[in-house]
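To start, the structure under review is shown below, and the notes come after it.
The values are calculated or read from the model by the stated rules, or taken from the named source; none is laboratory data. No experiment lies behind these values; they were computed from the predicted model shown. Glycine gets a Cβ as well: all are built from the backbone with ideal geometry, and neighbour counts include every protein chain shown.
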Amino acid sequence: MKYEIRLSGEGGQGIILAGVILAEAAIYDGLNAIQSQSYGPEARGGASKAEVVISDEEINYPKVKLPDILLILSADAYKKYFKNISNNGIIIIDDTIQVTENSNAKIITLPIIKTAEEKVKKPITTNIVALAALQNITNVVSKSSLEKAVFNRVPKSSIEFNKMALESGYKLIDLVR
Amino acid sequence: MARILMKGNEALGEAAIKAGAKFYFGYPITPQNEVSAYMAERLPEVGGVFLQAESEVSAINMVYGAGGAGARVLITSSSPGISLMQEGISYIAGAEIPAVIVNVMRGGPGLGGIQPGQADYFQATRGGGHGDYFMVVLAPESIQEMVDIMQEAFDIADQYRNPVMILADGMMGQMMEAVDLDNVEKSDRNLPPKTWATTGMAHHQGKNIINSLELDPAKLEKHNLDLKKKYDEMAKNEVKYEMYKCDDADIIAVAYGTTARIVKNTIDMASREGIKMGLIRPISLWPFPQEPFDRTADRAKAYISVEMSMGQMVEDVRLAVNGRKPVHFYGRTGGMIPEPKDILAEIKNILGGVK
(Lines give C-alpha, C1' and ligand atoms only; values in the text may rest on other atoms or scores of the structure.)
Protein backbone atom coordinates (compact mmCIF):
# COMPACT_ATOMS: atom_id res chain seq x y z
CA MET A 1 0.00 0.00 0.00
CA LYS A 2 1.07 3.53 -0.70
CA TYR A 3 -0.70 6.78 0.10
CA GLU A 4 0.17 10.26 -1.05
CA ILE A 5 -1.42 12.80 1.25
CA ARG A 6 -1.58 16.57 0.90
CA LEU A 7 -2.71 18.69 3.84
CA SER A 8 -3.54 22.26 2.93
CA GLY A 9 -4.91 25.33 4.63
CA GLU A 10 -3.62 28.69 5.75
CA GLY A 11 -0.83 29.86 8.03
CA GLY A 12 -1.68 29.39 11.72
CA GLN A 13 -3.82 26.29 11.25
CA GLY A 14 -0.95 23.99 12.13
CA ILE A 15 -0.81 22.33 8.73
CA ILE A 16 2.93 21.57 8.91
CA LEU A 17 2.62 20.11 12.42
CA ALA A 18 -0.27 17.97 11.20
CA GLY A 19 1.99 16.60 8.45
CA VAL A 20 4.73 15.81 10.94
CA ILE A 21 2.27 14.08 13.29
CA LEU A 22 0.76 12.02 10.48
CA ALA A 23 4.19 10.88 9.25
CA GLU A 24 5.27 10.06 12.79
CA ALA A 25 2.09 8.03 13.38
CA ALA A 26 2.85 6.02 10.24
CA ILE A 27 6.34 5.27 11.55
CA TYR A 28 4.86 4.13 14.88
CA ASP A 29 2.71 1.78 12.79
CA GLY A 30 5.92 0.30 11.38
CA LEU A 31 5.42 1.88 7.96
CA ASN A 32 7.73 4.14 5.99
CA ALA A 33 6.87 7.81 5.74
CA ILE A 34 8.33 10.98 4.31
CA GLN A 35 7.09 14.43 5.22
CA SER A 36 8.03 17.44 3.16
CA GLN A 37 6.85 21.00 3.06
CA SER A 38 7.45 24.14 1.10
CA TYR A 39 10.09 26.42 2.57
CA GLY A 40 11.26 29.97 1.99
CA PRO A 41 9.09 32.61 0.27
CA GLU A 42 6.96 29.82 -1.19
CA ALA A 43 5.87 29.02 2.35
CA ARG A 44 5.01 32.59 3.37
CA GLY A 45 1.49 33.95 3.20
CA GLY A 46 -1.51 32.48 1.42
CA ALA A 47 -1.93 28.74 1.24
CA SER A 48 0.11 26.45 3.46
CA LYS A 49 0.70 22.82 2.58
CA ALA A 50 2.39 19.76 3.99
CA GLU A 51 2.96 16.56 2.08
CA VAL A 52 3.17 13.07 3.49
CA VAL A 53 3.94 9.86 1.63
CA ILE A 54 3.16 6.67 3.54
CA SER A 55 4.03 3.20 2.29
CA ASP A 56 4.77 -0.30 3.52
CA GLU A 57 7.59 -0.36 0.95
CA GLU A 58 10.63 1.83 0.53
CA ILE A 59 9.67 5.34 -0.60
CA ASN A 60 11.93 6.64 -3.32
CA TYR A 61 10.31 9.72 -4.83
CA PRO A 62 10.00 11.93 -1.77
CA LYS A 63 7.27 14.30 -2.91
CA VAL A 64 3.55 14.00 -3.55
CA LYS A 65 2.80 13.76 -7.28
CA LEU A 66 -0.96 13.16 -7.22
CA PRO A 67 -2.53 12.89 -3.79
CA ASP A 68 -4.83 10.03 -2.81
CA ILE A 69 -6.01 12.02 0.19
CA LEU A 70 -6.40 15.78 0.20
CA LEU A 71 -7.33 17.89 3.20
CA ILE A 72 -8.48 21.46 2.48
CA LEU A 73 -8.97 23.92 5.32
CA SER A 74 -9.01 27.29 3.55
CA ALA A 75 -10.49 28.93 0.46
CA ASP A 76 -7.02 29.77 -0.90
CA ALA A 77 -5.93 26.16 -0.51
CA TYR A 78 -9.14 25.08 -2.26
CA LYS A 79 -8.31 27.26 -5.26
CA LYS A 80 -4.76 26.01 -5.40
CA TYR A 81 -5.05 22.28 -4.72
CA PHE A 82 -8.64 21.07 -5.34
CA LYS A 83 -8.06 19.98 -8.95
CA ASN A 84 -4.91 18.01 -8.16
CA ILE A 85 -6.26 14.68 -6.87
CA SER A 86 -6.19 11.07 -8.04
CA ASN A 87 -9.39 9.74 -9.65
CA ASN A 88 -10.46 7.55 -6.76
CA GLY A 89 -9.04 9.91 -4.16
CA ILE A 90 -10.72 11.40 -1.13
CA ILE A 91 -11.04 15.11 -0.49
CA ILE A 92 -11.83 16.17 3.06
CA ILE A 93 -12.85 19.80 3.01
CA ASP A 94 -14.04 22.20 5.68
CA ASP A 95 -17.70 23.19 5.40
CA THR A 96 -16.88 26.91 5.43
CA ILE A 97 -15.48 26.54 1.91
CA GLN A 98 -17.84 26.74 -1.00
CA VAL A 99 -17.13 23.96 -3.50
CA THR A 100 -18.05 25.18 -6.97
CA GLU A 101 -16.04 22.77 -9.08
CA ASN A 102 -16.54 19.13 -9.98
CA SER A 103 -14.14 16.35 -9.12
CA ASN A 104 -13.91 12.61 -9.75
CA ALA A 105 -12.69 12.22 -6.20
CA LYS A 106 -14.99 11.55 -3.27
CA ILE A 107 -15.68 14.87 -1.55
CA ILE A 108 -16.39 14.82 2.17
CA THR A 109 -17.48 18.13 3.68
CA LEU A 110 -17.04 18.40 7.45
CA PRO A 111 -17.32 21.16 10.08
CA ILE A 112 -13.67 20.87 11.14
CA ILE A 113 -13.00 24.52 12.01
CA LYS A 114 -16.37 24.84 13.75
CA THR A 115 -15.72 21.73 15.84
CA ALA A 116 -12.38 23.12 17.03
CA GLU A 117 -13.97 26.48 17.81
CA GLU A 118 -17.27 25.42 19.37
CA LYS A 119 -16.84 21.87 20.68
CA VAL A 120 -13.20 21.87 21.80
CA LYS A 121 -13.31 25.64 22.28
CA LYS A 122 -9.70 25.84 21.12
CA PRO A 123 -9.34 26.99 17.50
CA ILE A 124 -5.68 25.99 17.79
CA THR A 125 -6.79 22.34 17.62
CA THR A 126 -8.17 22.65 14.07
CA ASN A 127 -5.27 20.54 12.78
CA ILE A 128 -5.83 17.79 15.37
CA VAL A 129 -9.59 17.66 14.74
CA ALA A 130 -8.80 17.37 11.02
CA LEU A 131 -6.25 14.61 11.56
CA ALA A 132 -8.66 12.60 13.71
CA ALA A 133 -11.40 12.90 11.08
CA LEU A 134 -8.92 11.95 8.36
CA GLN A 135 -7.75 8.94 10.37
CA ASN A 136 -11.25 7.63 11.01
CA ILE A 137 -12.30 8.04 7.39
CA THR A 138 -9.17 6.71 5.67
CA ASN A 139 -7.40 4.49 8.24
CA VAL A 140 -4.00 5.41 6.78
CA VAL A 141 -2.62 5.18 10.30
CA SER A 142 -3.97 3.54 13.46
CA LYS A 143 -5.77 5.52 16.15
CA SER A 144 -3.27 4.50 18.82
CA SER A 145 -0.29 5.65 16.73
CA LEU A 146 -2.00 8.91 15.85
CA GLU A 147 -2.64 9.60 19.52
CA LYS A 148 0.93 8.71 20.46
CA ALA A 149 2.26 11.06 17.77
CA VAL A 150 -0.08 13.89 18.82
CA PHE A 151 0.95 13.64 22.46
CA ASN A 152 4.62 13.46 21.45
CA ARG A 153 4.44 16.62 19.35
CA VAL A 154 2.10 19.00 21.22
CA PRO A 155 3.05 20.89 24.41
CA LYS A 156 2.36 18.91 27.61
CA SER A 157 0.01 21.60 28.90
CA SER A 158 -2.26 21.09 25.89
CA ILE A 159 -2.68 17.32 26.06
CA GLU A 160 -6.12 17.41 27.70
CA PHE A 161 -7.80 19.59 25.10
CA ASN A 162 -5.97 17.78 22.30
CA LYS A 163 -7.52 14.54 23.59
CA MET A 164 -10.90 16.24 23.26
CA ALA A 165 -9.95 17.41 19.77
CA LEU A 166 -9.13 13.84 18.76
CA GLU A 167 -12.42 12.51 20.16
CA SER A 168 -14.45 15.26 18.47
CA GLY A 169 -12.60 14.67 15.21
CA TYR A 170 -13.25 10.92 15.25
CA LYS A 171 -16.97 11.59 15.74
CA LEU A 172 -17.19 13.66 12.56
CA ILE A 173 -17.35 10.37 10.65
CA ASP A 174 -20.99 10.13 11.80
CA LEU A 175 -21.77 12.97 9.41
CA VAL A 176 -20.36 10.95 6.50
CA ARG A 177 -22.66 7.96 6.84
CA MET B 1 15.21 4.41 20.64
CA ALA B 2 14.26 2.77 17.38
CA ARG B 3 13.18 4.54 14.23
CA ILE B 4 12.19 8.14 14.79
CA LEU B 5 10.93 10.84 12.45
CA MET B 6 13.57 13.49 11.92
CA LYS B 7 14.35 16.31 9.54
CA GLY B 8 17.48 15.67 7.48
CA ASN B 9 19.27 18.77 8.74
CA GLU B 10 18.65 17.83 12.38
CA ALA B 11 19.55 14.19 11.85
CA LEU B 12 22.92 15.12 10.39
CA GLY B 13 23.65 17.32 13.38
CA GLU B 14 22.79 14.55 15.83
CA ALA B 15 24.81 12.07 13.78
CA ALA B 16 27.86 14.34 14.04
CA ILE B 17 27.46 14.50 17.81
CA LYS B 18 27.19 10.70 17.93
CA ALA B 19 30.39 10.57 15.87
CA GLY B 20 32.15 12.62 18.52
CA ALA B 21 31.93 16.13 17.09
CA LYS B 22 32.28 18.64 19.91
CA PHE B 23 32.52 21.78 17.79
CA TYR B 24 30.24 23.35 15.22
CA PHE B 25 30.82 26.64 13.46
CA GLY B 26 28.50 28.15 10.91
CA TYR B 27 26.80 31.10 9.37
CA PRO B 28 23.09 31.08 8.46
CA ILE B 29 21.95 30.13 4.98
CA THR B 30 18.83 28.36 3.70
CA PRO B 31 18.18 25.42 3.26
CA GLN B 32 20.47 24.20 6.05
CA ASN B 33 19.63 26.50 8.98
CA GLU B 34 18.08 23.70 11.03
CA VAL B 35 21.55 22.22 11.49
CA SER B 36 22.72 25.37 13.24
CA ALA B 37 19.55 25.65 15.29
CA TYR B 38 19.87 22.03 16.35
CA MET B 39 23.56 22.30 17.23
CA ALA B 40 23.00 25.52 19.18
CA GLU B 41 20.64 23.60 21.44
CA ARG B 42 22.36 20.20 21.52
CA LEU B 43 26.10 20.87 21.65
CA PRO B 44 26.12 22.61 25.06
CA GLU B 45 24.28 19.54 26.44
CA VAL B 46 27.22 17.31 25.49
CA GLY B 47 29.92 19.75 26.59
CA GLY B 48 30.56 21.02 23.10
CA VAL B 49 30.77 24.46 21.56
CA PHE B 50 28.35 26.00 19.06
CA LEU B 51 29.39 29.28 17.55
CA GLN B 52 27.72 31.36 14.89
CA ALA B 53 30.54 33.25 13.22
CA GLU B 54 30.28 36.68 11.62
CA SER B 55 30.84 35.20 8.15
CA GLU B 56 31.52 31.95 6.32
CA VAL B 57 35.18 32.93 5.95
CA SER B 58 35.44 33.26 9.69
CA ALA B 59 33.54 30.03 10.37
CA ILE B 60 35.77 27.87 8.16
CA ASN B 61 38.89 29.31 9.82
CA MET B 62 37.43 28.39 13.22
CA VAL B 63 37.19 24.86 11.81
CA TYR B 64 40.88 25.17 10.87
CA GLY B 65 41.67 26.05 14.48
CA ALA B 66 39.50 23.45 16.23
CA GLY B 67 40.53 20.70 13.81
CA GLY B 68 44.17 21.73 14.27
CA ALA B 69 43.78 21.28 18.02
CA GLY B 70 42.71 17.69 17.31
CA ALA B 71 38.97 18.03 17.90
CA ARG B 72 36.25 16.54 15.73
CA VAL B 73 34.60 19.53 14.11
CA LEU B 74 31.60 19.95 11.81
CA ILE B 75 30.71 22.82 9.54
CA THR B 76 27.65 23.02 7.31
CA SER B 77 26.50 25.52 4.73
CA SER B 78 24.79 25.73 1.37
CA SER B 79 26.17 26.50 -2.07
CA PRO B 80 27.01 30.27 -1.92
CA GLY B 81 28.29 29.82 1.63
CA ILE B 82 30.49 26.90 0.60
CA SER B 83 31.93 29.09 -2.18
CA LEU B 84 32.98 31.63 0.44
CA MET B 85 34.73 28.89 2.41
CA GLN B 86 36.94 27.64 -0.42
CA GLU B 87 40.08 29.49 0.67
CA GLY B 88 39.80 28.00 4.14
CA ILE B 89 39.14 24.51 2.79
CA SER B 90 42.28 24.75 0.66
CA TYR B 91 44.29 25.82 3.75
CA ILE B 92 42.79 22.94 5.77
CA ALA B 93 43.77 20.48 3.03
CA GLY B 94 47.26 22.03 2.75
CA ALA B 95 47.79 21.93 6.51
CA GLU B 96 46.38 18.37 6.65
CA ILE B 97 43.63 18.95 9.16
CA PRO B 98 40.67 16.60 9.55
CA ALA B 99 37.23 18.19 9.35
CA VAL B 100 33.79 17.34 8.01
CA ILE B 101 32.09 19.86 5.75
CA VAL B 102 28.46 19.45 4.65
CA ASN B 103 27.07 21.25 1.61
CA VAL B 104 23.26 21.20 1.54
CA MET B 105 23.18 22.28 -2.10
CA ARG B 106 20.72 24.75 -3.59
CA GLY B 107 20.23 26.16 -7.07
CA GLY B 108 22.91 28.52 -8.47
CA PRO B 109 24.90 30.26 -9.81
CA GLY B 110 25.30 33.36 -7.68
CA LEU B 111 22.78 33.69 -4.90
CA GLY B 112 20.59 31.50 -7.09
CA GLY B 113 17.60 30.09 -5.22
CA ILE B 114 16.92 28.10 -2.07
CA GLN B 115 15.38 25.00 -3.63
CA PRO B 116 17.45 21.82 -4.08
CA GLY B 117 20.31 21.60 -6.58
CA GLN B 118 23.31 19.44 -7.48
CA ALA B 119 25.31 22.00 -9.39
CA ASP B 120 28.27 22.08 -6.97
CA TYR B 121 29.63 18.74 -8.17
CA PHE B 122 32.60 20.25 -9.97
CA GLN B 123 33.40 22.47 -7.00
CA ALA B 124 33.26 19.55 -4.54
CA THR B 125 35.11 16.93 -6.56
CA ARG B 126 37.73 19.08 -8.23
CA GLY B 127 39.10 20.82 -5.17
CA GLY B 128 37.00 23.97 -5.26
CA GLY B 129 39.76 26.03 -3.73
CA HIS B 130 43.21 26.66 -5.15
CA GLY B 131 46.15 24.30 -5.31
CA ASP B 132 46.58 20.58 -5.80
CA TYR B 133 44.23 18.94 -3.36
CA PHE B 134 41.39 16.47 -3.17
CA MET B 135 38.95 15.45 -0.53
CA VAL B 136 36.68 12.45 -0.22
CA VAL B 137 33.18 13.57 -1.24
CA LEU B 138 30.27 11.44 -0.04
CA ALA B 139 26.71 11.69 -1.35
CA PRO B 140 23.97 10.00 0.70
CA GLU B 141 20.52 9.31 -0.82
CA SER B 142 18.48 9.11 2.39
CA ILE B 143 18.49 10.58 5.86
CA GLN B 144 19.52 7.21 7.29
CA GLU B 145 22.46 7.01 4.91
CA MET B 146 23.40 10.59 5.75
CA VAL B 147 23.55 9.57 9.41
CA ASP B 148 25.59 6.44 8.69
CA ILE B 149 27.97 8.36 6.43
CA MET B 150 28.61 11.02 9.06
CA GLN B 151 30.43 8.52 11.30
CA GLU B 152 32.38 7.29 8.28
CA ALA B 153 33.24 10.84 7.21
CA PHE B 154 34.83 11.70 10.56
CA ASP B 155 36.80 8.46 10.50
CA ILE B 156 38.06 9.07 6.96
CA ALA B 157 39.01 12.64 7.90
CA ASP B 158 41.01 11.46 10.92
CA GLN B 159 42.61 8.54 9.11
CA TYR B 160 44.01 10.68 6.28
CA ARG B 161 44.22 14.03 8.08
CA ASN B 162 42.12 15.55 5.35
CA PRO B 163 38.80 17.38 5.03
CA VAL B 164 35.84 15.24 3.94
CA MET B 165 32.79 16.71 2.26
CA ILE B 166 29.23 15.39 2.47
CA LEU B 167 27.23 16.57 -0.51
CA ALA B 168 23.50 16.72 0.29
CA ASP B 169 20.79 18.95 -1.14
CA GLY B 170 17.83 21.03 -0.01
CA MET B 171 15.42 18.15 -0.49
CA MET B 172 17.35 15.92 1.86
CA GLY B 173 17.97 18.68 4.37
CA GLN B 174 14.34 19.76 4.57
CA MET B 175 12.40 16.51 4.39
CA MET B 176 11.57 14.29 7.35
CA GLU B 177 12.07 10.57 7.24
CA ALA B 178 12.43 7.68 9.68
CA VAL B 179 15.93 7.30 11.01
CA ASP B 180 17.64 4.99 13.47
CA LEU B 181 20.39 6.87 15.27
CA ASP B 182 21.28 4.13 17.73
CA ASN B 183 22.58 1.44 15.47
CA VAL B 184 25.08 3.37 13.38
CA GLU B 185 27.91 1.04 12.52
CA LYS B 186 31.25 2.07 13.94
CA SER B 187 34.09 1.47 11.53
CA ASP B 188 36.99 -0.78 12.41
CA ARG B 189 39.50 1.71 11.07
CA ASN B 190 42.71 1.99 12.99
CA LEU B 191 42.82 5.72 13.54
CA PRO B 192 46.26 7.17 14.24
CA PRO B 193 46.73 9.19 17.44
CA LYS B 194 46.74 12.94 16.75
CA THR B 195 50.35 13.52 17.77
CA TRP B 196 50.49 16.43 15.32
CA ALA B 197 47.73 18.44 17.02
CA THR B 198 48.45 21.86 18.50
CA THR B 199 47.04 21.31 21.95
CA GLY B 200 48.88 24.00 23.92
CA MET B 201 50.91 21.28 25.63
CA ALA B 202 54.25 21.99 23.92
CA HIS B 203 56.19 21.69 27.20
CA HIS B 204 54.93 18.11 27.58
CA GLN B 205 55.05 16.72 24.08
CA GLY B 206 57.26 19.00 22.02
CA LYS B 207 56.23 21.81 19.73
CA ASN B 208 53.77 21.20 16.89
CA ILE B 209 53.30 23.75 14.13
CA ILE B 210 50.36 23.71 11.75
CA ASN B 211 50.79 25.77 8.62
CA SER B 212 50.07 25.67 4.92
CA LEU B 213 52.87 28.07 3.96
CA GLU B 214 56.15 26.77 2.48
CA LEU B 215 58.27 29.27 0.56
CA ASP B 216 60.99 26.82 -0.48
CA PRO B 217 59.75 25.33 -3.77
CA ALA B 218 61.71 22.11 -3.31
CA LYS B 219 60.12 21.57 0.08
CA LEU B 220 56.68 22.52 -1.21
CA GLU B 221 57.02 20.10 -4.10
CA LYS B 222 57.95 17.37 -1.62
CA HIS B 223 54.85 18.29 0.42
CA ASN B 224 52.71 18.05 -2.70
CA LEU B 225 54.18 14.67 -3.58
CA ASP B 226 53.42 13.45 -0.07
CA LEU B 227 49.87 14.74 -0.37
CA LYS B 228 49.55 13.00 -3.74
CA LYS B 229 50.52 9.69 -2.12
CA LYS B 230 47.76 10.27 0.42
CA TYR B 231 45.19 11.10 -2.27
CA ASP B 232 46.19 7.94 -4.15
CA GLU B 233 45.52 5.93 -0.99
CA MET B 234 42.14 7.65 -0.57
CA ALA B 235 41.30 6.98 -4.22
CA LYS B 236 42.17 3.31 -3.78
CA ASN B 237 40.42 2.70 -0.45
CA GLU B 238 37.44 4.99 -0.21
CA VAL B 239 35.34 4.10 -3.25
CA LYS B 240 31.68 3.49 -2.42
CA TYR B 241 28.78 2.80 -4.71
CA GLU B 242 25.51 0.94 -5.11
CA MET B 243 24.48 -1.01 -8.20
CA TYR B 244 20.69 -1.28 -8.52
CA LYS B 245 19.12 -3.71 -11.03
CA CYS B 246 22.15 -3.44 -13.32
CA ASP B 247 22.50 -7.16 -14.10
CA ASP B 248 20.49 -7.35 -17.31
CA ALA B 249 19.92 -3.65 -17.87
CA ASP B 250 19.90 -2.25 -21.41
CA ILE B 251 20.26 1.27 -20.14
CA ILE B 252 22.01 2.30 -16.98
CA ALA B 253 21.36 5.59 -15.26
CA VAL B 254 24.02 7.17 -13.10
CA ALA B 255 22.73 9.39 -10.31
CA TYR B 256 23.53 10.36 -6.74
CA GLY B 257 21.68 11.71 -3.71
CA THR B 258 18.05 12.79 -4.13
CA THR B 259 18.23 12.21 -7.88
CA ALA B 260 19.26 8.58 -7.36
CA ARG B 261 16.13 7.79 -5.36
CA ILE B 262 13.99 9.46 -8.02
CA VAL B 263 15.70 7.32 -10.67
CA LYS B 264 14.83 4.21 -8.63
CA ASN B 265 11.18 5.19 -9.09
CA THR B 266 11.79 5.56 -12.82
CA ILE B 267 13.30 2.07 -12.90
CA ASP B 268 10.10 0.61 -11.37
CA MET B 269 7.99 2.44 -13.96
CA ALA B 270 10.31 1.30 -16.75
CA SER B 271 10.20 -2.34 -15.67
CA ARG B 272 6.38 -2.25 -15.77
CA GLU B 273 6.74 -1.27 -19.41
CA GLY B 274 9.29 -3.99 -20.10
CA ILE B 275 12.27 -1.65 -20.24
CA LYS B 276 15.37 -3.03 -18.56
CA MET B 277 16.94 -0.16 -16.72
CA GLY B 278 19.52 -0.10 -13.95
CA LEU B 279 21.23 2.45 -11.73
CA ILE B 280 24.83 3.04 -10.76
CA ARG B 281 24.75 5.21 -7.67
CA PRO B 282 28.14 6.63 -6.74
CA ILE B 283 28.17 7.16 -2.96
CA SER B 284 31.72 8.48 -3.14
CA LEU B 285 31.75 11.16 -5.85
CA TRP B 286 35.47 11.50 -5.28
CA PRO B 287 36.93 8.96 -5.66
CA PHE B 288 34.52 8.28 -8.53
CA PRO B 289 33.77 4.56 -8.84
CA GLN B 290 35.23 2.91 -11.96
CA GLU B 291 34.37 -0.71 -11.22
CA PRO B 292 30.58 -0.66 -11.80
CA PHE B 293 31.21 0.71 -15.31
CA ASP B 294 33.75 -2.01 -16.10
CA ARG B 295 31.24 -4.59 -14.91
CA THR B 296 28.40 -3.30 -17.09
CA ALA B 297 29.98 -1.81 -20.21
CA ASP B 298 29.78 -5.07 -22.21
CA ARG B 299 26.09 -5.65 -21.56
CA ALA B 300 24.56 -2.17 -21.42
CA LYS B 301 23.60 -0.33 -24.59
CA ALA B 302 23.93 3.15 -23.14
CA TYR B 303 24.40 5.19 -19.98
CA ILE B 304 22.60 8.32 -18.87
CA SER B 305 23.74 10.67 -16.15
CA VAL B 306 20.75 12.20 -14.33
CA GLU B 307 21.51 15.27 -12.25
CA MET B 308 20.01 18.42 -10.81
CA SER B 309 22.55 20.39 -12.82
CA MET B 310 23.26 21.25 -16.45
CA GLY B 311 25.70 18.32 -16.68
CA GLN B 312 28.65 17.95 -14.33
CA MET B 313 28.98 14.35 -13.12
CA VAL B 314 28.35 13.30 -16.74
CA GLU B 315 32.02 14.18 -17.40
CA ASP B 316 33.15 11.58 -14.84
CA VAL B 317 30.70 9.10 -16.33
CA ARG B 318 32.26 9.67 -19.77
CA LEU B 319 35.75 9.12 -18.33
CA ALA B 320 34.61 5.91 -16.63
CA VAL B 321 32.77 4.56 -19.70
CA ASN B 322 35.75 5.65 -21.79
CA GLY B 323 34.07 5.52 -25.16
CA ARG B 324 32.81 1.95 -24.81
CA LYS B 325 29.13 2.99 -24.99
CA PRO B 326 27.22 6.23 -25.60
CA VAL B 327 26.77 8.47 -22.57
CA HIS B 328 23.65 10.66 -22.40
CA PHE B 329 22.52 13.33 -20.00
CA TYR B 330 19.27 14.47 -18.43
CA GLY B 331 19.15 17.32 -15.97
CA ARG B 332 16.88 19.80 -14.26
CA THR B 333 18.27 22.84 -12.58
CA GLY B 334 17.54 26.02 -10.66
CA GLY B 335 15.72 24.15 -7.89
CA MET B 336 13.50 22.03 -10.14
CA ILE B 337 13.37 18.37 -9.15
CA PRO B 338 13.13 15.86 -12.01
CA GLU B 339 10.03 13.67 -12.04
CA PRO B 340 10.29 9.94 -12.67
CA LYS B 341 8.04 10.15 -15.75
CA ASP B 342 10.23 12.81 -17.37
CA ILE B 343 13.33 10.68 -16.88
CA LEU B 344 11.44 7.71 -18.34
CA ALA B 345 10.49 9.73 -21.42
CA GLU B 346 14.17 10.53 -21.96
CA ILE B 347 15.09 6.84 -21.51
CA LYS B 348 12.56 5.87 -24.19
CA ASN B 349 14.01 8.45 -26.57
CA ILE B 350 17.48 7.06 -26.09
CA LEU B 351 16.49 3.40 -26.43
CA GLY B 352 14.50 4.26 -29.54
CA GLY B 353 17.70 5.73 -30.92
CA VAL B 354 20.10 2.88 -30.16
CA LYS B 355 17.94 -0.02 -31.41
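Tabulated data for the structure shown
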| quantity | calculated |
| --- | --- |
| Search result, residues across the range B:210-269 that are within 14 Å of chain A (Cβ to nearest Cβ) and hydrophobic (A, V, I, L, M, F, W, C) | B:ALA253, B:ALA255, B:ALA260, B:ILE262, B:VAL263, B:ILE267, B:MET269 |
| Members of the range B:1-29 that are under 15 Å from A:SER36 (Cβ atoms) and touching a residue at least 40 places away in the same chain (Cβ under 8 Å) | B:LEU5, B:MET6, B:LYS7, B:GLY8, B:ASN9, B:ALA11 |
| Verdict on B:ALA168 being within 20 Å of B:ILE75 (Cα to Cα), at pLDDT 95 or above and among the small types (Gly, Ala, Ser) | yes |
| Residue ranges of helices (runs of 4 or more DSSP H) in the range B:285-355 with at least 3 members crowded, with 17+ Cβ neighbours inside 10 Å and touching a residue at least 40 places away in the same chain (Cβ under 8 Å) | B:313-321, B:340-354 |
| 2 or more residues crowded, with 19+ Cβ neighbours inside 10 Å and in contact (Cβ under 8 Å) with a residue 40 or more places away in the chain: qualifying helices (runs of 4 or more DSSP H) within the range B:137-240 | B:143-160, B:170-174, B:217-237 |
| The range A:43-95 - residue that is within 21 Å of A:ASN127 (Cβ to Cβ) and among the aromatic types (Phe, Trp, Tyr) and, of those, nearest to the other protein chains (Cβ to nearest Cβ) | A:TYR81 |
| Wholly within the range A:53-119, strands (runs of 3 or more DSSP E) carrying at least 1 residues that are acidic (Asp, Glu) | A:90-94 |
